[in-house]
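Below you'll find the structure, written out as structure tokens, and then a few comments.
The values are calculated or read from the model by the stated rules, or taken from the named source; none is laboratory data. Keep in mind the model is a prediction, meaning the values are calculated, not measured. In this analysis, Cβ positions are derived from the backbone assuming ideal geometry, glycine residues included, and neighbour counts consider all displayed protein chains.
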């Protein structure tokens, strides 16, 4: 009888199982903050990344970073709240990499210390157009391609303020509540097409947007006070949200849809 010899498999130490290998990911608001972090992480996990936004310079910067790291990326400058621009973003992605597998809607703006009776129509429209209309428009133009392939993954960036009131944030809360509700409808209505849709609801994230309307001389003091309100004693970094997005974009979450993933260091459970 021959002596038993176990099989030995040689594994290259440089081989890594990439969770988004070959996937096409379109990320709105992808030039800064959360969107930039998601674009970077998705690329590291093998995705072909398309970043969009209103400002060319940051889009160029993250695209060049990804290319320098050996990834694949392109960008499109436009306003997601403009339907022509939103459609052009989707077409740009398809032209360069093919149909979109993963859509992440990061484009957003915020306004603080609002007095509802003093909000102008222009101010209201700005937040509604970018946060809510922009999310709807890019989904609107992406869905037909996903429906045709019977495959797709949509991740919206909402907020804990979609569910918790905060004085001074009336318009922002209203728009993020709309984003969360829209995402659930998409999840329900397009499940038969094998399209998943989920929201990420961050608390405060340390991005440039977090400091809008804040008194600059007191940033460090204010940050310290805010951090103490979080059970984990820190606010989120963009990479914390990017990791949550990666989970929802990957096959690890293949049976999750219509979910709101709260990423807030425990703030909302107090």
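Among the candidates 156, 135, 175, the residue that is within 16 Å of the chain's Cα centre (by Cα), under 18 Å from residue 84 (Cα atoms) and either in contact (Cβ under 8 Å) with a residue 40 or more places away in the chain or surrounded by 20 or more Cβ atoms within 10 Å (Cβ to Cβ) (or both) is uniquely 135.
For region 82-101, the set of residues classified as in a helix (DSSP H, G or I), under 17 Å from residue 49 (Cα atoms) and out of contact with any helix residue (DSSP H, G or I) (no Cβ under 6 Å at 6 or more places or on another chain) consists of 88, 89, 91, 92, 93, 94, 95, 96, listed by residue number. Taking the listed residues 70, 29, 78, the one that is modelled with pLDDT of 95 or more and out of contact with any helix residue (DSSP H, G or I) (no Cβ under 7 Å at 6 or more places or on another chain) is 70, with no other qualifying. If you check 90, 109 for being modelled with pLDDT under 95 and within 17 Å of the chain's Cα centre (by Cα), only one passes: 109. Quick check on residue 63: is it in contact with a helix residue (DSSP H, G or I) (Cβ under 9 Å, 6 or more places away or on another chain) and free of Cβ contacts under 8 Å to residues at least 24 places away in the same chain? In short, yes. Take the conditions (1) buried (at least 24 other Cβ atoms within 10 Å of the Cβ); (2) outside any helix (DSSP H, G or I); residue 17 misses just one of them, which is (1). Restricting 38, 66, 27 to residues that are under 16 Å from the mean Cα position of the chain (by Cα) and assigned to a helix (DSSP H, G or I) narrows the list to 38. Taking the numbered list (1) at positive phi; (2) surrounded by 19 or more Cβ atoms within 10 Å (Cβ to Cβ) in turn, residue 101 passes all entries but (1).
Is it fair to say residue 241 is in a strand (DSSP E or B), within 15 Å of the chain's Cα centre (by Cα), surrounded by 15 or more Cβ atoms within 10 Å (Cβ to Cβ) and modelled with pLDDT of 95 or more? No: the conditions fail for residue 241.
The residues of region 41-63 that are in a helix (DSSP H, G or I) and surrounded by fewer than 24 Cβ atoms within 10 Å (Cβ to Cβ), listed by number, are 41, 44, 56, 57, 58, 60, 61, 63. Against the condition in a loop (DSSP other than H, G, I, E, B) and either under 25 Å from residue 198 (Cα atoms) or without any contact (Cβ under 8 Å) to a residue 24 or more places away in the chain (or both), how does residue 79 come out, does it pass? Considered against the rule, which asks whether it is in a loop (DSSP other than H, G, I, E, B) and either under 25 Å from residue 198 (Cα atoms) or without any contact (Cβ under 8 Å) to a residue 24 or more places away in the chain (or both), residue 79 comes out as yes.
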